[in-house]
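Each remark here refers to the structure printed beneath this line.
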Ligand code: NDP
């Protein structure tokens, strides 16, 4: 088995030297344990924060130890009466080719209708983030105009399609580059896609204001642009701020905060793992949307555990359309 360790803590952009690939040998599973051969692991933006030694909502990765994160795989040996060899399972022991886990740390997933990788994307944590962010945090209503940044990513592409299903009057997305923008409007049903690399986002968004709900994945210039474009009583979901994750120093905040007062705006942050109570509603609703074709996705797949760091860096450079995954 092979696994990726954090060798040192990155300052600003991570480099390959911050990571180490290690060969390991795993024992056979004991009672109530399973040995899983991972087939896909997720790389996610929140992992960048875990590379820093700071207190946050998830503990930092330890130095010289295997990292972790979402993964799916196949049970290859089982000491548990509840899990059989061949079962496909979802768990948190990513960044490694094989994992020995207590049976209670894995969840069997149904791969009869969707591939296992979907449980790392639209039917997994990113999809649930989109759903919670729209329905619980922004309290999106029918008829709202919704703007989503990072719209061609895993969370954003799900959020845009969900906003449409929830009755948005207009769905606006922003993404980097014409191909991503074409995907949003031609295949995912966004009304408007703004290429933030082609012209300043503030200038482009102004033409589509007022916006009732802003789903913020990016922060920085996008947040400032959205505040300018918000309708009175508009709601902003603070989901992420990827523009800032690799900055060596914090960037200045939006310069138009006074508009929160004049427009009576709300900004609310959230962490998806606090909303486990929404999970069954999410699986039921998103499952139905997948079944009827109204929730679709793309994956950008990088092959091999030794390319996982590249995949992670690529995610921050925007190499992915839809969910970034590593196939193991
Ligand atoms: P994505 O699939 O969206 O991948 C990241 C994308 O960010 C890239 O594809 C790139 O797209 C974009 N990006 C990178 N740098 C910039 C920049 N400077 N300005 C604008 N866009 C940039 O990742 P996820 O869908 O997994 O995550 C999206 C956001 O959601 C992140 O901020 C993440 O932290 C957050 N999140 C929050 C959760 C929560 O519980 N609050 C849970 C899960 C995710 P492009 O080519 O368009 O630039």
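Being assigned by TED's automatic domain parsing to the domain that holds residue 203 and touching a residue at least 60 places away in the same chain (Cβ under 8 Å) narrows it down to one residue among 248, 241; which is it?
Every option except 248 fails the conditions.
Sort out which residues of the range 155-204 are in a helix (DSSP H, G or I), closer than 21 Å to residue 140 by Cα and in contact (Cβ under 8 Å) with a residue 40 or more places away in the chain, and write them in order of number.
155, 156, 157, 158, 159, 161, 162, 163, 164, 165
Can you tell me which residue in the range 218-243 is surrounded by the fewest Cβ atoms within 10 Å (Cβ to Cβ), limited to those that are part of a helix (DSSP H, G or I), at negative phi and within 8 Å of the ligand (Cβ to nearest atom)?
Here is the first cut: in the range 218-243, the residues part of a helix (DSSP H, G or I) are 220-229, 242-243.
Going one step further and asking which of them are at negative phi, we end up with 221-229, 242-243.
Among the residues that remain, those that are also within 8 Å of the ligand (Cβ to nearest atom) are: 221-222, 242-243.
On the way: 221: 16, 222: 26, 242: 21, 243: 19.
Only one residue tops the list, namely 221.
Given the conditions (1) in the same structural domain as residue 46 (by TED's automatic domain parsing); (2) surrounded by fewer than 19 Cβ atoms within 10 Å (Cβ to Cβ); (3) more than 28 Å from residue 244 (Cβ to Cβ); (4) without any contact (Cβ under 8 Å) to a residue 60 or more places away in the chain, and given that residue 92 satisfies all but one, which numbered condition is not satisfied?
(3)
With (1) crowded, with 18+ Cβ neighbours inside 10 Å; (2) away from the ligand (no atom under 11 Å from the Cβ); (3) within 19 Å of residue 322 (Cα to Cα) as the list, and residue 215 as the residue in question, which single condition is left unmet?
Condition not satisfied by residue 215: (2).
A quick yes/no check of all residues on (1) within 16 Å of the ligand (Cβ to nearest atom); (2) closer than 27 Å to residue 99 by Cα; (3) in contact (Cβ under 8 Å) with a residue 24 or more places away in the chain; (4) within 14 Å of the chain's Cα centre (by Cα):
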position: 263; (1), (2), (3), (4): no, no, yes, no
position: 276; (1), (2), (3), (4): yes, yes, no, no
position: 290; (1), (2), (3), (4): no, no, yes, no
position: 302; (1), (2), (3), (4): yes, yes, yes, no
position: 313; (1), (2), (3), (4): yes, yes, yes, no
position: 318; (1), (2), (3), (4): yes, no, yes, yes
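Which one of these does residue 296 not meet: (1) more than 19 Å from residue 150 (Cβ to Cβ); (2) surrounded by fewer than 17 Cβ atoms within 10 Å (Cβ to Cβ); (3) touching a residue at least 40 places away in the same chain (Cβ under 8 Å); (4) away from the ligand (no atom under 14 Å from the Cβ)?
Result: residue 296 fails condition (1) only.
Which residues, taken from the range 54-77, are modelled with pLDDT of 95 or more, farther than 15 Å from residue 107 by Cβ and assigned to a loop (DSSP other than H, G, I, E, B)?
Passing the criteria: 60, 61, 62, 64, 65, 67, 68.
Would you check if there is a residue in the range 39-53 being farther than 22 Å from residue 106 by Cα, touching a helix residue (DSSP H, G or I) at 6+ places or on another chain (Cβ under 6 Å) and either in a loop (DSSP other than H, G, I, E, B) or in contact (Cβ under 8 Å) with a residue 40 or more places away in the chain (or both)?
Checked the range 39-53: at least one residue is farther than 22 Å from residue 106 by Cα, touching a helix residue (DSSP H, G or I) at 6+ places or on another chain (Cβ under 6 Å) and either in a loop (DSSP other than H, G, I, E, B) or in contact (Cβ under 8 Å) with a residue 40 or more places away in the chain (or both).
Out of the range 138-177, which residues are surrounded by fewer than 24 Cβ atoms within 10 Å (Cβ to Cβ) and near the ligand (Cβ under 9 Å from one of its atoms)?
Result: 176, 177.
The values are calculated or read from the model by the stated rules, or taken from the named source; none is laboratory data. Because the structure is a prediction, the values reported are computed rather than measured. In this analysis, Cβ positions are derived from the backbone assuming ideal geometry, glycine residues included, and neighbour counts consider all displayed protein chains.
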